[in-house]
Amino acid sequence: MEGWSRERPDLDADTISALGCFGRMKWLTKNLATMAEQVIRRHGLNAGEFDVLAALRRSGPPCTLIPSQLSSLLMMSRAGMTNRLDRLEKNGLVERTLDPEDRRSFRVHLTDKGRAVIDAAVTEHAQIVGRFSAVLSPDQRASLDEALRTLLRAFP
């Protein structure tokens, strides 16, 4: 950041420090995302499919949601969700059944195969994240989490 201080003396020290901080966050995000994508691919999924399986798994037993809930959770269109569900169902990772309470609708269930795939992918991803987060003390992780939440609230 010395270069910015020298080349842009109009930028104050806090701004230059922030540039460095956000640059490091960008680097970390890019590299962690690349590692996550590699994990997801190793388990035969793409990122969108992973997100659907993860949402179903996080919903708890019986790991069932309706498509509109999934669309809302993943902030995507219903048409896009239908395409994802078609691929996941074709691969035996989810199944759709008629909703017994509303026969015009259906429920999406995580199959045993889907549960095994998402659990394996999440376990591998958690090990990677754990390896990196282990260099921080619990207090440092809590401070980082608090700072990131503050930054998130600053976005419109």
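Values as computed for the structure displayed
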| quantity | calculated |
| --- | --- |
| Within the stretch 104-143, considering residues that are at pLDDT 95 or above, assigned to a helix (DSSP H, G or I) and among the hydroxyl-bearing types (Ser, Thr, Tyr), the one nearest to Glu49 (Cα to Cα) | Thr123 |
| All positions within the stretch 16-48 that are aliphatic (A, V, I, L, M) and either closer than 24 Å to Glu124 by Cβ or exposed (fewer than 12 other Cβ atoms within 10 Å of the Cβ) (or both) | Met25, Leu28, Leu32, Ala33, Met35, Ala36, Val39, Ile40, Leu45, Ala47 |
| Any hit, the stretch 49-58, residues being surrounded by fewer than 16 Cβ atoms within 10 Å (Cβ to Cβ) and in the same structural domain as Ala126 (by TED's automatic domain parsing) | yes |
| Pair list, Cβ < 6 Å and 6+ apart or interchain, from the stretch 79-96 residues that are over 18 Å from Ile40 (Cα atoms) to residues that are aliphatic (A, V, I, L, M) | Met81/Leu70; Arg96/Val108 |
| Test for Pro138: is it free of Cβ contacts under 8 Å to residues at least 40 places away in the same chain and under 30 Å from Phe22 (Cβ atoms) | yes |
| Count of residues meeting criterion [of a type in the set (Gly, Ala, Ser), in a helix (DSSP H, G or I) and within 21 Å of Ala116 (Cβ to Cβ)] in the stretch 30-88 | 5 |
| Lone unmet requirement of (1) surrounded by 11 or more Cβ atoms within 10 Å (Cβ to Cβ); (2) modelled with pLDDT under 95 for Pro100 | (1) |
| Out of Ala13, Ala79, sole residue that is farther than 29 Å from Leu148 by Cα, surrounded by fewer than 11 Cβ atoms within 10 Å (Cβ to Cβ) and among the aliphatic types (A, V, I, L, M) | Ala79 |
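The values are calculated or read from the model by the stated rules, or taken from the named source; none is laboratory data. Fair warning: this is a prediction, and the values are worked out from it, not measured in the lab. Every residue, glycine among them, receives a Cβ derived from its backbone with ideal geometry; neighbour counts consider all protein chains shown.
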